[in-house]
Amino acid sequence: NDTRFVPEFQFNVAENLFYVRTVVNLINGSYTLEGDVITFGDGAMTRMMGPEELMAVEQSIVEQMLNPLTVKYENEVLSFTDEAGKVVLELKK
């Protein structure tokens, strides 16, 4: 994996805001957290084009953010699972 192409998530917990650098584009908006379920609200997103493989990664991230996800933080890894219990995103410090 080329570390220059790693998506980055940031959360402003005090204001329930998120920021995502998907490698090609930026997304920001609000989120709600109820228990261990996070729901991303509508956000603003830049619309730049990039290499096909990076655009595919970005599209996958965006699609996962459309649905509520269960979050779990363990061993410095924040994981997001879908309703079927499949890990769809993992964020490492």
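The values are calculated or read from the model by the stated rules, or taken from the named source; none is laboratory data. Note that the coordinates shown come from a computational prediction; the quantities given were computed from them, not determined experimentally. Quick reminder, even Gly has a Cβ in these numbers, built from the backbone with ideal geometry, and neighbours come from all protein chains shown. Remember, those area values only see protein heavy atoms, side chains included, never the ligands or the DNA or RNA. Shrake-Rupley method; radii C 1.70, N 1.55, O 1.52, S 1.80 Å.
Provide a single number: the residues in the range 67-76 that are farther than 15 Å from Lys86 by Cβ and of a type outside the set (Phe, Trp, Tyr). Steps first, please.
Taking the range 67-76 as the starting set, the residues that turn out to be farther than 15 Å from Lys86 by Cβ are 73-76.
From what's left, of a type outside the set (Phe, Trp, Tyr): 74-76.
Final tally of qualifying residues: 3.
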Legend entry - Residue, farthest from Glu15 (Cα to Cα), within the range 31-47, restricted to residues that are at pLDDT 95 or above and out of contact with any strand residue (DSSP E or B) (no Cβ under 8 Å at 6 or more places or on another chain): Gly35
Inset, instruction - Quick one: in the range 30-48, of everything that is of a type in the set (Ser, Thr, Tyr) and within 24 Å of Thr70 (Cβ to Cβ), which residue is surrounded by the fewest Cβ atoms within 10 Å (Cβ to Cβ)? - result: Thr32
Inset, instruction - State all residues of the range 71-93 that are open to solvent by 50 Å² or more (accessible area, probe 1.4 Å) and part of a strand (DSSP E or B); if no residue qualifies, say none. - result: Lys72, Tyr73, Glu74, Val87, Glu90, Lys92
Inset, instruction - Go through the residues of the range 14-29 one by one and say whether even a single one is exposed (fewer than 12 other Cβ atoms within 10 Å of the Cβ) and in a strand (DSSP E or B). - result: no
Inset, instruction - State all residues of the range 49-66 that are touching a residue at least 24 places away in the same chain (Cβ under 8 Å) and either basic (Lys, Arg) or surrounded by 12 or more Cβ atoms within 10 Å (Cβ to Cβ) (or both); if no residue qualifies, say none. - result: Gly50, Leu54, Met55, Val57, Glu58, Ile61, Val62, Gln64, Met65
